[in-house]
Amino acid sequence: MKTKINFQLPILLVDDDPVVLEVSMTALESEGISNVVTLSDSRKLVHFLESNPVSLIILDLVMPHVSGMELLPVLIRDFPHLPVIVMTSNDDLDTAVRCIKAGATDYITKPMDVERLLLSVEKALQVNELSTENRNLREYLLNDRLEYPSAFESMVTTSKKMRAIFQYIEVIAKSDQPVLITGETGVGKELIARAIGELSGKRGAFVTVNAAGLDDNMFSDTLFGHKRGAFTGADQAREGLISTAAGGTLFLDEIGDLNEMSQVKLLRLIQENEFYPVGSDIIKRTDARLLVATNQDLTKLIASNKFRKDLYYRLCAHHIHIPPLSERREDIPILLDHFLEKASKSLNKPKPVPSREVVALLSTYQFDGNVRELHAMVFDAVARYSTGLLTLESFAGLFANVNTSLDVALPQPSKELDESIYEFFGRFPTIKEVEDYLISSAMNLTSGNQRSAAMLLGIARQTLSKRLSNPA
Ligand SMILES: Nc1ncnc2c1ncn2[C@@H]1O[C@H](COP(=O)(O)OP(=O)(O)OP(=O)(O)O)[C@@H](O)[C@H]1O
């Protein structure tokens, strides 16, 4: 029988045995399916799929290094639209059933029966066609279409909040007004500033100045430069960084640390586009676009007289607030994958596949240091990793945190605490009410992942599962 299904993307055969690959390919070709690619090293599968779209995978389960059984959950999670047909030996139907339960589309037994394979492929592709249409429609509806997506390439995200920020940036990038970028440390403020610089249409340099720890002299000298002989040791005139940024962008980081005098000079720069080099009374003009960033709450600094209100209003002509990673947890798996890729390349190691626990636990982790902390964690884990799945053992820091979180000192009863408990439950709650609340909160936090929720609750997964199925 010749297949009736037309598909543009190839079928991918994954098997460590070159003879099986050759025989399967020939069999498929003889039935009119010539669009087939093969892969014999299972460790390369995820990486391969990232740059080579395929329509379907036929996956051998027993392979050295990373088995099909280990890869299956990763494929289902990271490439949910891809049908996976697993190949098992005739005497291992238990495994086949487990694979179907885990999300495989179908299974075929070895040695391969071509007719059975073709039926399975046709069925999988038909089902997939429908779900692709659905997905495309959903993506189109959700798609917040960016006009210049390449400007945001360095930022890995699936978060709607971040996409909304990107759209806002496209709108304001060409304005002459300053942009204030706020957000906790490590959320990506500098990356956002660079994207604005790129989209601003200004061809000059992107120059970064960190205001932290600069007293007024250092600030003025760094930014505005000095005239020869302006102070002892100034043997040469110096161009400040604002001149280096001529026709381009000046990114002033840690603006919340700027001292009072420098704030006045910055205000003048914004209002008049003018400045004096140190020791000079000849005014200079600038056309550099000013972007500023801080992880501090400027309104609090204003309230404590540490930041000028007039400067604040000038700076926040356009304000971008980047949410912390804990408010866009949907980004964690994709960032994890991105950093695994980067780390394995830079450490010259094969890219490891994280275990489900790693993904689930990272997805609920607090990440006070935001993306930078995740980045460091993953690099450290890849450095420790040797073979197989990347398990929790490689994440020393995360492990420590999960364990210690179980021994944290409990808050002592206090009037305030009691009052808030009363307020929350409407009266003093029973143990069961508190338990129910904690379970539903953990399930919420882990998006319904029972394994991670059980870890958070410090109980066995089976206990949680029993509680959920039998709440009484
Ligand atoms: N969405 C992202 N995708 C990929 N990498 C990211 C993303 N966000 C941040 N990073 C990386 O995280 C690290 C911290 O980012 P960045 O320096 O831009 O943060 P920041 O908010 O400016 O931090 P700080 O307040 O400490 O200066 C960098 O290595 C950056 O490349």
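Brief remarks on what is shown
- Sequence ranges 419-432, 174-187, ranked by mean other-Cβ count within 10 angstrom, highest first: 174-187, 419-432
- Residue exposure sequence - Met25, Met155 - by fewest surrounding Cβ within 10 Å: Met25, Met155
- Label-point separation in nm, His65 to Val37, each point 7 Å along Cα→Cβ: 1.6 nm
- Backbone N atoms of region 189-233 closer than 13 Å to the 7 Å Cα→Cβ label point of Glu260 belong to residues 216.
- As a size descriptor, the averaged projected area of the C-alpha convex hull of region 326-404 was calculated at 4.6 nm².
- Least to most buried among Phe395, Phe166 (fewest other Cβ within 10 Å first): Phe166, Phe395
- Ordering of 33-41, 332-340 by packing is 332-340, 33-41, highest average first (other Cβ atoms within 10 Å, averaged per residue).
- Out-of-range pairs (alpha-carbon distance over 25 Å; input Lys174/Lys306; Lys44/Lys110; Lys174/Lys284): Lys174/Lys306
- Summing Lys and Arg as +1 and Asp and Glu as -1 over all other residues whose Cβ lies under 13 Å from the Cβ of Ser326 gives a net charge of -3.
- Cα-based convex hull, the chain, per residue volume (Å³, whole number): 218 Å³
- Estimated at 0.36 nm per residue, the fully extended path between Lys466 and Asn273 surpasses their Cα-Cα distance by 62.7 nm.
- Near Leu438: Cβ cut-off under 12 Å, other residues only, Lys/Arg at +1 and Asp/Glu at -1. The net charge is -1.
- Think of it as helices only: each DSSP H run of n ≥ 4 in the chain is worth -39500 (n - 2.57), and spread over all residues that comes to -14500 deg cm²/dmol at 222 nm.
- The label-point distance for Thr158 and Asp418, in a model that sets each label 7 Å from Cα toward Cβ, rounds to 4.7 nm.
- Cα pair distances in region 11-141, grouped into 10 Å bins until the bin that holds the longest one, percent each: 12, 46, 34, 6, 1
- Its relative contact order, with pairs defined as Cα atoms under 8 Å and 6+ residues apart, puts region 326-404 at 34 percent.
- Percent of Cα pairs in region 415-469 per distance bin of 5 Å, from zero to the largest separation: 4, 20, 25, 19, 13, 14, 5, 0.
- Ranked list, fewest to most other Cβ atoms within 10 Å of each Cβ, for Ser304, Ser465: Ser304, Ser465
- Percent of beta bridges antiparallel (DSSP, region 149-321, rounded to nearest 5): 20 percent
Computed from the coordinates by the stated procedures, all read-outs in this text should not be read as laboratory data. Bear in mind the structure is a predicted one, so any value in this text is a computation, not a measurement. Counting neighbours? That spans all protein chains shown, and the Cβs are built from the backbone with ideal geometry, glycine included.
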